[in-house]
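Shown next, in structure tokens, is the structure this report addresses.
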Amino acid sequence: MAYNHGITISENSTSVIPPIQSSAGIQVVIGTAPVNMIEDPLSAVNKPIMATDWKEAVEKVGYSDNWELYTLCQSMDATFRVFNVAPIIFINVLDPERHFKQVDDAVIPVTKSEGIIEKTGILLDSIAVKVASVEFKRGTDFSAGFDRDGFVVITILEESGELASASEMEVSYKELDPSKVTEKDIIGGYDVATGKYEGLEAIDQVYPRLNDVPGLILAPGWSHLPVVAAVLDAKSRYINSCFNAMNVLDIDSAEVKNYQDAPTWKNMNSYTSKDSIICWPKGRVGNKIYWMSALVAAQTAFTDAQNSDVPYVSPSNKRLPITGTLLADGTEVFLDQLQGNFLNGAGIVTAINMKGWRTWGNNTGAYPTTSDIKDRFVPVRRMFNWWGNTFIQTYFDKVDDPTNLRLIESVVDSENIRGNGLQSQQQIAGAKIEFLQKDNPVTNLLNGRIQFLQKVAFFPPAEHIVNVLEFDPTILTNALFGGD
């Protein structure tokens, strides 16, 4: 053993743990995508795929302007083109092995050594070409790729021979058929035998695969179906048995054509959860028609990004870069503030044109059934989710540590410093955490269970600002005759 003489230094780990930033507004979108356009279509089926920019999204799940068939694409457009915010997570349920139709011996003309199959959704690996019953090989005799419209361009590679001289060719191929996707595919499930997650159940794979906590869950083009909305809402709570998120749902504007009917539809179909943001009607940018949930979710994520990734600011009354609102049949809708307030009072978020288009509504789907501030206001509900999710991530490394005073003090000190920091930035009203003996009986301590009490207060949105005007005759008198 070494003989010590002099001064030596050692270091202890810091007792105050900096919090891990949990991106509160990460969107998880479930739907269909033109995966035939990516290199490996099967790699993008029923698994969470993150994209941080437009190019990456197109490369990983594909893109089409046909949003009726490919519902994920409108969220891709709203997120990266309308708001330019990232990241976003896609879960595509369109399976090339199940949702397709076979086309055999379709005849297409050949012009300048090229033939075009003017259809979208074609799987390149399935293409077979024949001329006069003679089959040709892709890569040797011809190549195939997509043009800007998603059509397949077949280019003849040989310079002579039957294919090179042909004026037309017969093509066979598999074509994606999104019409075969049903609400059952969106809802999905878990196969015990194979261990595969499908549809909404794949939300449980977001954190294990990507280490990101879902913030907003949506399925534009599907969430107007009550059976899908019910599962979406259920999957927003206790994700991986611990995390919580909000879901963004649509009211069916094909059924609800008058704003006065929206509250009845909402209540009859149980769109009444504290974890839901309910939207009506649709929005458009030029000729592009969006489900409102896609716009509101992207705007909410953008609002978070503008405010230090802390979801304390309501997305209501924020600029919405659209050119109009409309119903499913294309009928334009112009709500004034009074009509928008009517929807807000029923727990519905909409859009109004007040010095430009803007979202309008702070209440969750639980309002007016509940007036509890933590379940009523969207930003307060989201702050509770974000606070809890961040606490779990920050202190997960402390699980299974010895239950000693150092552990207790590190949590209490770190959380109080965190709360003070957020309070100083006016992001919260305040927060305080305690470890109390009455909450921790010996029986619990012996079983390895400890409990903290954390009191928090978040700022509600200033939803109603009142200015009382009163005519003061003395001001008039002083203006005319002077005064002290």
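The values are calculated or read from the model by the stated rules, or taken from the named source; none is laboratory data. This structure is a prediction, so every number in the text was calculated from the model and none was measured. Glycine gets a Cβ as well: all are built from the backbone with ideal geometry, and neighbour counts include every protein chain shown.
Descriptive notes on the structure:
- Note on the range 43-83: residues that are under 26 Å from R319 (Cβ atoms), polar (S, T, N, Q) and in contact (Cβ under 8 Å) with a residue 60 or more places away in the chain total 4.
- Pair list, Cβ under 9 Å, 6 or more apart: the range 255-272 residue not assigned by TED's automatic domain parsing to the domain that holds T370, other residue among the aromatic types (F, W, Y) and surrounded by 13 or more Cβ atoms within 10 Å (Cβ to Cβ): none
- Note on the range 363-414: residues that are within 20 Å of the chain's Cα centre (by Cα) and hydroxyl-bearing (S, T, Y) total 2.
- Every condition in (1) out of contact with any helix residue (DSSP H, G or I) (no Cβ under 7 Å at 6 or more places or on another chain); (2) farther than 19 Å from E68 by Cβ is met by P315 except one, and the failing one is (1).
- Those residues of the range 324-346 which are under 24 Å from the mean Cα position of the chain (by Cα) and surrounded by fewer than 12 Cβ atoms within 10 Å (Cβ to Cβ), in sequence order: none
Residue by residue, here is whether (1) within 20 Å of K180 (Cβ to Cβ); (2) hydrophobic (A, V, I, L, M, F, W, C); (3) without any contact (Cβ under 8 Å) to a residue 24 or more places away in the chain; (4) surrounded by 13 or more Cβ atoms within 10 Å (Cβ to Cβ) holds:
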site: V85; (1), (2), (3), (4): no, yes, no, yes
site: F90; (1), (2), (3), (4): yes, yes, no, yes
site: E97; (1), (2), (3), (4): yes, no, no, no
site: G115; (1), (2), (3), (4): no, no, no, yes
site: V131; (1), (2), (3), (4): no, yes, no, yes
site: F136; (1), (2), (3), (4): no, yes, no, yes
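- Qualifying positions in the range 100-113 - surrounded by fewer than 20 Cβ atoms within 10 Å (Cβ to Cβ) and touching a residue at least 12 places away in the same chain (Cβ under 8 Å): K101, Q102, V103, D104, D105, A106, V107, I108, P109, V110, S113
- Of the criteria (1) part of a loop (DSSP other than H, G, I, E, B); (2) touching a residue at least 12 places away in the same chain (Cβ under 8 Å), which one I289 fails: (1)
- Scanning the range 347-360 for residues that are surrounded by 15 or more Cβ atoms within 10 Å (Cβ to Cβ), without any contact (Cβ under 8 Å) to a residue 60 or more places away in the chain and not aromatic (F, W, Y) turns up I352, N353, R358.
- The range 77-93: number of residues that are part of a helix (DSSP H, G or I) and under 16 Å from I217 (Cβ atoms): 2
- Exactly one residue out of Y197, Y173, Y238 is over 30 Å from V129 (Cα atoms), at pLDDT 95 or above and either among the polar types (S, T, N, Q) or buried (at least 16 other Cβ atoms within 10 Å of the Cβ) (or both), and it is Y197.
- Complete set of residues in the range 249-274 that are among the hydroxyl-bearing types (S, T, Y) and closer than 14 Å to L225 by Cβ: S253, S270, Y271
- Pair list, Cβ under 9 Å, 6 or more apart: the range 398-419 residue over 19 Å from V456 (Cα atoms), other residue β-branched (V, I, T) and part of a helix (DSSP H, G or I): K398/V411
- Residues of the range 436-452 satisfying the condition of being in a loop (DSSP other than H, G, I, E, B) and out of contact with any strand residue (DSSP E or B) (no Cβ under 8 Å at 6 or more places or on another chain): N440, P441, N447, G448, R449, I450, Q451
- From the list T111, T182, the one residue that fits, being among the hydroxyl-bearing types (S, T, Y), under 30 Å from I217 (Cα atoms) and either more than 43 Å from the chain's Cα centre (by Cα) or at pLDDT 95 or above (or both), is T182.
- Matching residues in the range 51-76 - criterion: being closer than 20 Å to S126 by Cα and in a strand (DSSP E or B): none
- Hits in the range 266-292 (condition: of a type in the set (D, E, K, R) and under 22 Å from Q339 (Cα atoms)): K266, K282, R284
- If the condition is being in a loop (DSSP other than H, G, I, E, B) and surrounded by fewer than 18 Cβ atoms within 10 Å (Cβ to Cβ), then the range 253-271 contributes A254, E255, K257, N258, S270.
- Residue match in the range 124-135 (condition: within 34 Å of the chain's Cα centre (by Cα) and of a type outside the set (D, E, K, R)): yes
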